[in-house]
Amino acid sequence: MSEQEFQVKVLSEFEALRMDIGKVNQRLDRVEADVKEQGIRFEAYQKGSEAMVRMATTIIIASASVVVLSSLSPAITALVTAIAHQGG
């Protein structure tokens, strides 16, 4: 193999490597875009989950309040009536 043939072969190999690196860069760009999109989706999911937890907590507190107040209502009514009769 002559020196010129060797140089041509080396240059063609470098060109092939350059093309491969270009393809890898394109794939990396796509991966970066996918990761960014997944991050946005996760953020939206996380915010939605937090809102659902707050809503569930509110519903539980409201339900517990209704149960407690409904069972205390007759006792409160009797107490207010007794106080009213003592004062009058």
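As an exercise: evaluate T57 against (1) under 28 Å from the mean Cα position of the chain (by Cα); (2) loosely packed, with under 10 Cβ neighbours inside 10 Å and give the number of the one condition it does not meet.
(2)
S49 fails exactly one of the following numbered conditions: (1) exposed (fewer than 10 other Cβ atoms within 10 Å of the Cβ); (2) polar (S, T, N, Q); (3) within 40 Å of the chain's Cα centre (by Cα). What is the number of that condition?
(1)
Rule-based calculations on the coordinates, nothing more; no lab input. If you're wondering where the values come from, they're calculated on a predicted model, not measured in any experiment. All Cβ positions, glycine included, derive from the backbone under ideal geometry; neighbour counts span all protein chains shown.
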